[in-house]
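Shown next, in structure tokens, is the structure this report addresses.
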Amino acid sequence: MQTVLWFYCLLLQGGNALILKVFERIHDVPLEQSVFDDISLFPACGGVGIFIGTVRNHHLGRDVEALKYTAYVPIAEKMIRQIEQEVSQKYAVAYVRVVHRIGWLAIGEKAIIAVAYAAHRREAFQACEEAVERVKHEVPIWKEEFYCDGTHQYVEGCCIRKDHSIHQH
């Protein structure tokens, strides 16, 4: 099991020192919102966008018992951090962070959490949504579903090609 460790980094924002948590984006332990920096550190932000994706008990008409996520962790970590930075710049938001779970997950467990802090709700929601979609479509994380009938299969990946239709997962 992975132990989630927090480190802190110093960020200068508008001439003020801001101490932020430094943490892994890929976890093999249950996800918690406490890993993220608190909104109180961002007094210019009035909008908070949060998405929590959990394991559901069905997919395409089949009863799901559990999931197993695997990832190429070094690249996944790097890609998630890059997505966070790009989304933050695109929407001019102060904070975008995403964590994703790997390993075995039971029904109801959290698979992904994304948080965005912005001056206004629209930018926070947009940044949060884009961060989740990009992680889902671009990062090397694979989902294997285990069904109640004893069978299992990897879920067909989301296509990152712009000229392809997007399958909902």
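None of the figures in this text is laboratory data; all of them are computed from the coordinates on show. These numbers come from a predicted model, not from an experiment. Don't worry about glycine lacking a Cβ; one is built from the backbone with ideal geometry, like all the others, and counts go over all protein chains shown.
A few notes on this one:
- Order by protection proxy (mean Cβ within 10 Å, highest first), peptides 57-63, 101-107: 101-107, 57-63
- Net charge of Cβ neighbours under 13 Å - reference Glu130; Lys, Arg +1; Asp, Glu -1: -2
- Cross-linked pairs Lys90/Lys110; Lys68/Lys90; Lys21/Lys78: Cα-Cα separations exceed 25 Å for Lys90/Lys110; Lys68/Lys90.
- Sum of side-chain charges, Ile26 neighbourhood, beta-carbon under 10 Å (Lys, Arg +1; Asp, Glu -1): -1
- Each other residue within a Cβ distance under 14 Å of Cys148 adds +1 if Lys or Arg and -1 if Asp or Glu, for a net charge of -2.
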